[in-house]
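Worksheet for the structure shown next.
No lab work stands behind these numbers, since they all come straight from the coordinates. Predicted model only: the values in this text are computed from it and were never measured. Don't worry about glycine lacking a Cβ; one is built from the backbone with ideal geometry, like all the others, and counts go over all protein chains shown.
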Amino acid sequence: MHLKLNLIAAASENMGIGINGKLPWRLKSEMAYFTRLTTETKDQKKKNVVLMGRVTWECIPKRYRPLKDRINIVLTTKNLDYGDEAIVCNGLSQALDLISKGPLKDQVESIWVIGGSSVYKASMESPHFSRLYLTRIKKYFECDAFFPPLLDNLKLINDPAVPTEVQKENDIQFQYEVYEKEE
Ligand SMILES: NC(=O)c1ccc[n+]([C@@H]2O[C@H](COP(=O)([O-])OP(=O)(O)OC[C@H]3O[C@@H](n4cnc5c(N)ncnc54)[C@H](OP(=O)(O)O)[C@@H]3O)[C@@H](O)[C@H]2O)c1
């Protein structure tokens, strides 16, 4: 498969993504959007990978772990074993090797990088970076985890799978954006 990294994140006005190991907001429709994009495949026989840092994995409530109908890959420098729930890799290149050359080779349709900060940064700087699906939450939230600075050469694009109008839930406004690297 051609290795393309799609990043998906939700960030507040101050570019916060998390606090105390949790999301700073509760937006059911935004969560449903995340689930739809990261799960849907054109080829019913394939699955998508969700690639994440160890802390993000631990932040997912146990009842939702592993993220269902997706291949969960967790990056860690530690010697951890999540059994059948998730594949453990010691870095982005090991994960990409596994997806492109290993036993997953013919099983994966898309790769979704789902956080947190350092995994987003490494993926955005990778030659395999393709798109950033960023939900802009139009409110300030106190956070202790942040989305890294956006690359200078990103341009906004339209993806028919993504609603363009401003969304609203629990009095919070948010908007889905999709960025691609300018050639
Ligand atoms: N709003 C959003 O879209 C969103 C998305 C995801 C997460 N979050 C939030 O963000 C917070 C968690 O994110 P975080 O930035 O603190 O942590 P994180 O990136 O999820 O996890 C960091 C850990 O991942 C491992 N890791 C990261 N890059 C690695 C690499 N290249 N090679 C090997 N291991 C690597 C290391 O684990 P070891 O220490 O085990 O070596 C590192 O300590 C939570 O609050 C969560 O709710 C929000």
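A 30 angstrom limit on the alpha carbon distance is what I want to check against. Which of K45/K78; K46/K181; K28/K78 exceed it? From K45/K78; K46/K181; K28/K78, over 30 Å: K45/K78; K28/K78.
Remark: the Cα gyration tensor places the range 61-101 in the oblate category, a/c being 1.5 or greater and a/b not exceeding b/c. Summary value for the range 1-112: 34 percent relative contact order, contacts being C-alpha pairs under 8 angstrom separated by 6+ residues. Of interest is the spacing of the C-alpha centroids, which for the range 32-87 and the range 115-150 amounts to 17 Å.
Let me make sure I get this right: for the range 48-133, a, b and c are the square roots of the gyration tensor eigenvalues over alpha carbons, sorted descending. Under 1.5 in a/c it's rounded, otherwise prolate if a/b > b/c, else oblate. Which is it? It comes out rounded by the Cα gyration axes. At the listed q of 0.08, 0.12, 0.13 Å⁻¹, the Debye profile of the chain, built from one uniform point per Cα, gives log10 I(q)/I(0) equal to -0.24, -0.55, -0.65. Please enumerate, by chain and number, the lysines with C-alpha under 16 Å from the C-alpha of K22, excluding those fewer than 8 residues away in the same chain. Reachable lysines: K62. Local charge sum around P148 (other residues, Cβ-Cβ under 10 Å, Lys/Arg +1, Asp/Glu -1)? Every neighbour counted, the sum reads 0.
The alpha carbons of the range 112-183 occupy a box of 39, 32, 21 Å along the principal axes, longest dimension given first.
Order of W25, W112 from fewest to most other C-beta atoms within 10 Å?
On the way: W25 18, W112 21.
In increasing order of surrounding Cβ atoms, one gets W25, W112.
Look at S93, S126 and count the other Cβ atoms within 10 Å of each Cβ; fewest to most, that gives S93, S126.
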